[in-house]
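Bear in mind that the values in this text are calculations on the coordinates, not laboratory data. Worth saying up front: this structure is predicted, and the values here are computed from it rather than measured. Please note: Cβ atoms are built from the backbone with ideal geometry, for glycine as well, and neighbour counts cover all protein chains shown.
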Amino acid sequence: MTYSADFRAQVIKSIKQKDMSIRQACTFYNISKTTLQRWLNNSSIKQTRDKPPSKIHDDLLLKDIEQYPDDYLYERAQRFNCSKTGIYTALKRLGISQKKDLGTSKSVSDKKSSVSE
């Protein structure tokens, strides 16, 4: 959970005006010392994550999509040794969506399909 900017400013103000020490402010406001020190260095609220993707690399995923365009998320997840949610997030990061096909799925033969293409 992210603390509001007003709350952060109030805590920093009480420390900078020498009303409280860092330890006293942590106890009074019920926050950790690490959090408070991070706020003192940079009080802005981050909206994005600075860490690049580490498990699923974009170029490898794009090659996999070119090679296997009709695969399901769980099949890609098995190849990349990760979860379906991880594949979904990586595809979303790349701006690729799973297209809905009104035809049949892979598990149903063409004879059983009632939808014509």
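A compact table of results
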read-out	value
Inter-probe distance in nm under a simple model that places probes 7 Å from Cα toward Cβ, at ILE22 and THR35	1.6
Tail weight of P(r) past 18 Å, computed on alpha-carbon pairs of region 1-65, percent	49
